[in-house]
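Reviewing the structure listed below.
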Amino acid sequence: MKETPLSNCERRFLLRAIEEKKRLDGRQTYDYRNIKISFGTDYGCCIVELGKTRVLGQVSCELVSPKLNRATEGILFFNLELSQMAAPAFEPGRQSDLLVKLNRLLERCLRNSKCIDTESLCVVAGEKVWQIRVDLHLLNHDGNIIDAASIAAIVALCHFRRPDVSVQGDEVTLYTLEERDPVPLSIHHMPICVSFAFFQQGTYLLVDPNEREERVMDGLLVIAMNKHREICTIQSSGGIMLLKDQVLRCSKIAGVKVAEITELIQKALANDQKVRKEGGKFGFAESIANQRITAFRMEKAPIDTSDVEEKAEEIISEAEPPSEVVSKPVLWTPGTAQIGEGIENSWGDLEDSEKEDEDEGGSDEAIILDSIKMDTGEVSNIGSQDAPIVLSDSEEEEMIILEPDKNPKKIRTQTISATQVKAPSKKPVKKRKKKRAAN
């Protein structure tokens, strides 16, 4: 999956902000993001967070045969992996150009600078030496991978302890951690990479670029340096031409940043060593803040319950007394009752559109009902004056009316269906005209 390219609006916005010496995360031009170092339960395991960029470092060792041309030196191996968990643009099972460049830069920074005494890793010359393997896994990518990876690698190497060994003749004995204390590695210095991003053909400079700033930059300069201001390696990429003054200024800035990061690393190592000696809790679980939901434990806060009753009485006294009026039940119909006022009954209310239709059809219905009354009146006079008018869906039906002290009479009444009520008939009007003419 290819990474989503930046739009022209985003690109112009980032470049305009850089020209005004502003950054999206509020940092200044030469500011580093916050660095957090946490250690695992095993020696040589650590996680370094550079802002939102996270790198996991793990160091392991084993006894192997040495190289033929270097029979008395141990082997140092580095491996950086870019997984899809860090960013969807990284393809699994394939070494990209970025990965090859980062691995080579790490090897030049840590192995070629001789930061570790490889001769101290020799057990038996020409037969057995220690092979130290440093595995780095990128957990989250938010820019400046090389700086976070270099810090994680040197921290893991400083934190690592190898098992102790003894040699008696041709026999090599390897002791476990319970039998003998593990032995730390012999580290001469701590080289750390510092990245500089250039924009507008070297006009503007930023330290520690994030992921969006790396997309719009024209060139990148990486300087690996230790706290003694010794340059271990330097690499420029992007195809821009840098002046001598620009490189010297970057080296001075790198010296200041490396000194600060080295001090932070030493403090983190000292704190972890102190906790392990005192028998306290350590590991990645203990480094999670207690305020987060993912915390494994929460400190108990003491609660004072001595004056609970007094506070409760004060709250009750300040509260408003309840109303003494009790609502009487209202009996609307037998079998139902209501207590209180309740809500106004909206059953049968017409909507606005229904009200308009009713108003328009009101005049027509009045005319139809008048004509209906005239016809039913004439028909009822034929049979009996007190005969009722029955409206139903059927056109004609027979009804038997029982009256006291009278024989039942069959009265045929004309009924009007609902369809006839809706459609006005012209016959009653014609009858009225004929009667008037006769009179």
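The values are calculated or read from the model by the stated rules, or taken from the named source; none is laboratory data. Treat the numbers as computed from the prediction; the structure is a model and nothing was measured. Every residue, glycine among them, receives a Cβ derived from its backbone with ideal geometry; neighbour counts consider all protein chains shown. These area figures cover heavy atoms from the full protein model, side chains too; ligands, DNA and RNA do not enter into them. Shrake-Rupley method; radii C 1.70, N 1.55, O 1.52, S 1.80 Å.
What to note about this one:
- The residues of region 168-203 that are aliphatic (A, V, I, L, M) and under 24 Å from LYS257 (Cβ atoms), listed by number, are ILE187, MET190, ILE192, VAL194, ALA197.
- Taking the conditions (1) surrounded by 15 or more Cβ atoms within 10 Å (Cβ to Cβ); (2) at pLDDT below 90 in turn, PRO92 satisfies each one other than (1).
- Of all residues in region 140-196, those that are in contact (Cβ under 8 Å) with a residue 24 or more places away in the chain, assigned to a strand (DSSP E or B) and aliphatic (A, V, I, L, M) total 7.
- Across region 32-41, the qualifying residues are those that are open to solvent by 60 Å² or more (accessible area, probe 1.4 Å) and either over 20 Å from LEU56 (Cα atoms) or not in a strand (DSSP E or B) (or both), and the one among them that is modelled with the lowest pLDDT is THR41.
- Screening ARG11 on (1) charged (D, E, K, R); (2) open to solvent by 40 Å² or more (accessible area, probe 1.4 Å); (3) assigned to a loop (DSSP other than H, G, I, E, B); (4) farther than 30 Å from ALA270 by Cβ shows it passes everything except condition (3).
- Restricting attention to region 193-248 and to residues that are of a type in the set (Asp, Glu) and within 21 Å of ASP97 (Cβ to Cβ), the residue that is nearest to the chain's Cα centre (by Cα) turns out to be GLU211.
- Taking region 109-127 as the range and being surrounded by fewer than 16 Cβ atoms within 10 Å (Cβ to Cβ) and not aliphatic (A, V, I, L, M) as the test, the residues that pass are ASN112, LYS114, ASP117, GLU119, SER120, GLY126, GLU127.
- Summed over region 53-92, residues that are more than 11 Å from LEU138 (Cα to Cα) and either of a type in the set (A, V, I, L, M, F, W, C) or not in a strand (DSSP E or B) (or both) total 22.
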